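The values are calculated or read from the model by the stated rules, or taken from the named source; none is laboratory data. This structure is a prediction, so every number in the text was calculated from the model and none was measured. Cβ sites come from the backbone with ideal geometry, for glycine too, and all protein chains shown count toward neighbours. Protein only, heavy atoms only, side chains kept; ligands, DNA and RNA dropped before computing areas. Shrake-Rupley method; radii C 1.70, N 1.55, O 1.52, S 1.80 Å.
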Amino acid sequence: MSRHADARVARLVARFEALAPSDLPRLAELYADGARFKDPFHDVRGVDAIARIFAHMFATLDAPRFVVRDIVVDGDQCFLTWDFLFRMRRFAQGEQCIHGGSHLKLAADGRIAEHRDYWDAAEELYEKLPGIGALMRWLRRRARS
(Lines give C-alpha, C1' and ligand atoms only; values in the text may rest on other atoms or scores of the structure.)
Protein backbone atom coordinates (compact mmCIF):
# COMPACT_ATOMS: atom_id res chain seq x y z
CA MET A 1 0.00 0.00 0.00
CA SER A 2 1.26 3.49 -0.87
CA ARG A 3 2.38 5.73 1.99
CA HIS A 4 1.01 8.80 0.26
CA ALA A 5 -1.92 9.48 -2.05
CA ASP A 6 0.29 11.46 -4.46
CA ALA A 7 1.72 8.73 -6.69
CA ARG A 8 4.73 10.89 -7.66
CA VAL A 9 5.77 11.32 -4.05
CA ALA A 10 5.02 7.71 -3.10
CA ARG A 11 7.31 6.56 -5.94
CA LEU A 12 10.12 8.90 -4.86
CA VAL A 13 9.88 7.85 -1.21
CA ALA A 14 9.95 4.16 -2.14
CA ARG A 15 13.01 4.68 -4.35
CA PHE A 16 14.92 6.68 -1.71
CA GLU A 17 14.20 4.16 1.02
CA ALA A 18 15.48 1.32 -1.20
CA LEU A 19 18.39 3.24 -2.76
CA ALA A 20 21.41 1.06 -3.49
CA PRO A 21 24.66 1.60 -5.42
CA SER A 22 23.18 -0.30 -8.37
CA ASP A 23 20.47 2.39 -8.67
CA LEU A 24 22.88 5.26 -9.31
CA PRO A 25 23.03 4.84 -13.11
CA ARG A 26 19.22 5.31 -13.12
CA LEU A 27 19.06 8.50 -11.01
CA ALA A 28 17.77 10.34 -14.08
CA GLU A 29 14.50 8.51 -13.39
CA LEU A 30 14.28 10.46 -10.10
CA TYR A 31 15.98 13.76 -10.96
CA ALA A 32 15.15 16.10 -13.84
CA ASP A 33 17.88 17.29 -16.20
CA GLY A 34 19.65 20.21 -14.52
CA ALA A 35 18.19 19.36 -11.09
CA ARG A 36 19.76 21.14 -8.12
CA PHE A 37 20.80 19.34 -4.92
CA LYS A 38 21.86 21.28 -1.83
CA ASP A 39 22.76 20.12 1.67
CA PRO A 40 25.15 21.40 4.38
CA PHE A 41 28.16 20.21 2.33
CA HIS A 42 27.10 20.37 -1.33
CA ASP A 43 25.40 22.62 -3.84
CA VAL A 44 25.39 20.96 -7.25
CA ARG A 45 23.38 20.88 -10.47
CA GLY A 46 22.80 17.97 -12.78
CA VAL A 47 22.11 14.28 -12.39
CA ASP A 48 25.78 13.30 -12.77
CA ALA A 49 26.85 15.62 -9.92
CA ILE A 50 24.04 14.32 -7.72
CA ALA A 51 25.02 10.73 -8.53
CA ARG A 52 28.60 11.49 -7.41
CA ILE A 53 27.31 12.58 -3.99
CA PHE A 54 25.37 9.35 -3.54
CA ALA A 55 28.32 7.31 -4.88
CA HIS A 56 30.59 8.94 -2.28
CA MET A 57 28.04 8.12 0.42
CA PHE A 58 28.02 4.43 -0.56
CA ALA A 59 31.83 4.35 -0.88
CA THR A 60 32.56 5.86 2.53
CA LEU A 61 29.78 4.51 4.77
CA ASP A 62 28.58 1.03 5.64
CA ALA A 63 24.91 0.20 5.15
CA PRO A 64 23.61 3.73 4.51
CA ARG A 65 19.83 3.97 4.21
CA PHE A 66 17.01 6.46 4.51
CA VAL A 67 13.80 5.95 6.46
CA VAL A 68 11.16 8.55 5.62
CA ARG A 69 9.11 9.50 8.68
CA ASP A 70 6.71 12.22 7.55
CA ILE A 71 5.43 13.41 4.17
CA VAL A 72 3.75 16.73 3.44
CA VAL A 73 2.68 17.56 -0.13
CA ASP A 74 1.41 20.84 -1.55
CA GLY A 75 1.04 20.83 -5.32
CA ASP A 76 4.45 20.30 -6.91
CA GLN A 77 6.33 20.59 -3.64
CA CYS A 78 6.80 18.22 -0.76
CA PHE A 79 8.66 18.10 2.51
CA LEU A 80 9.95 14.84 3.93
CA THR A 81 11.38 14.20 7.36
CA TRP A 82 13.76 11.29 7.51
CA ASP A 83 16.34 9.34 9.44
CA PHE A 84 19.61 8.57 7.69
CA LEU A 85 21.06 5.40 9.22
CA PHE A 86 24.64 4.24 8.63
CA ARG A 87 27.83 2.90 10.16
CA MET A 88 31.11 4.77 9.91
CA ARG A 89 33.85 2.68 8.34
CA ARG A 90 36.69 4.45 10.13
CA PHE A 91 35.27 4.14 13.63
CA ALA A 92 34.09 1.08 15.55
CA GLN A 93 30.83 2.69 16.63
CA GLY A 94 27.42 1.15 16.11
CA GLU A 95 24.75 2.39 13.79
CA GLN A 96 24.47 6.17 13.60
CA CYS A 97 21.37 8.22 12.85
CA ILE A 98 21.05 11.68 11.36
CA HIS A 99 17.61 13.26 11.57
CA GLY A 100 16.76 15.67 8.79
CA GLY A 101 14.32 16.90 6.23
CA SER A 102 14.15 17.41 2.48
CA HIS A 103 12.26 20.05 0.53
CA LEU A 104 11.57 18.74 -2.97
CA LYS A 105 10.24 20.74 -5.92
CA LEU A 106 8.91 18.50 -8.63
CA ALA A 107 9.11 19.06 -12.37
CA ALA A 108 6.00 18.63 -14.54
CA ASP A 109 7.00 15.00 -15.22
CA GLY A 110 7.18 14.16 -11.49
CA ARG A 111 10.97 14.04 -11.27
CA ILE A 112 12.83 16.18 -8.76
CA ALA A 113 13.83 19.62 -10.05
CA GLU A 114 15.16 20.91 -6.71
CA HIS A 115 16.23 18.93 -3.65
CA ARG A 116 17.30 20.76 -0.50
CA ASP A 117 18.29 18.80 2.59
CA TYR A 118 18.14 20.36 6.03
CA TRP A 119 20.01 18.85 8.95
CA ASP A 120 22.31 20.09 11.70
CA ALA A 121 25.83 18.98 10.77
CA ALA A 122 27.22 19.98 14.19
CA GLU A 123 24.70 18.03 16.25
CA GLU A 124 24.00 15.16 13.91
CA LEU A 125 27.50 14.45 12.60
CA TYR A 126 30.41 16.31 14.18
CA GLU A 127 29.35 15.56 17.78
CA LYS A 128 29.46 11.84 16.97
CA LEU A 129 33.05 11.85 15.73
CA PRO A 130 35.85 10.86 18.11
CA GLY A 131 37.98 13.84 19.13
CA ILE A 132 36.08 16.62 17.43
CA GLY A 133 32.84 15.37 19.04
CA ALA A 134 34.05 16.29 22.52
CA LEU A 135 34.97 19.78 21.31
CA MET A 136 31.58 20.25 19.60
CA ARG A 137 29.68 19.11 22.72
CA TRP A 138 31.75 21.52 24.85
CA LEU A 139 31.02 24.39 22.44
CA ARG A 140 27.30 23.59 22.51
CA ARG A 141 27.29 23.62 26.33
CA ARG A 142 29.19 26.95 26.39
CA ALA A 143 26.74 28.50 23.92
CA ARG A 144 23.81 27.53 26.18
CA SER A 145 25.29 29.12 29.32
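Starting from the stretch 69-124, pick out the trypsin sites (Lys or Arg not before Pro) whose DSSP state is loop and whose Cβ has at most 12 other Cβ atoms within 10 Å.
Numbers: sites: Arg69, Arg87, Arg89, Arg90, Lys105, Arg111, Arg116; in loops: Arg89, Arg90, Arg111.
Sparse-neighbourhood loop trypsin sites (Lys or Arg not before Pro): Arg89, Arg90.
Sorted by accessible area (1.4 Å probe), largest first, how do Cys78, Cys97 line up?
Numbers: Cys78 5, Cys97 30 Å².
Final ranking, largest accessible area leading: Cys97, Cys78.
Give the carbon-plus-sulfur fraction of the accessible surface of the stretch 22-91 in %, rounded to a whole number; probe 1.4 Å, heavy atoms of protein chains only. Mind dumping the intermediate values first?
Numbers: 1950 of 3870 Å².
The C+S portion of the solvent-accessible surface of the stretch 22-91 is 50 percent.
Tabulate in residue order the Karplus-calculated ³J(HN,Hα) for the stretch 71-87, using 6.51 cos²θ - 1.76 cosθ + 1.60 with θ = phi - 60°, rounded to whole Hz; enter x for Gly and Pro.
9, 10, 10, 9, x, 9, 10, 8, 10, 10, 9, 8, 10, 9, 10, 6, 10
Decide, for the stretch 49-91, between rounded, prolate and oblate: order the square roots of the alpha carbon gyration tensor eigenvalues as a ≥ b ≥ c, take rounded if a/c falls under 1.5, and otherwise choose prolate if a/b is larger than b/c, else oblate. Walk me through the intermediate numbers first.
Values: a/c = 5.17, a/b = 1.83, b/c = 2.83.
The shape class here is oblate.
So, with +1 on the Cβ of K and R and -1 on the Cβ of D and E, and no other charges, what is the size of the charge dipole of the stretch 8-85 about its Cα centre, to the nearest 20 debye? Let's see the in-between values first.
Values: 10 positive and 12 negative charges, 21 e Å.
So the magnitude is around 100 debye.
Among Gly100, Trp82, Leu61, whose Cα lies farthest out toward the positive end of the dipole of the stretch 1-112, if unit charges sit on the beta carbon of Lys, Arg (+1) and Asp, Glu (-1)?
Leu61
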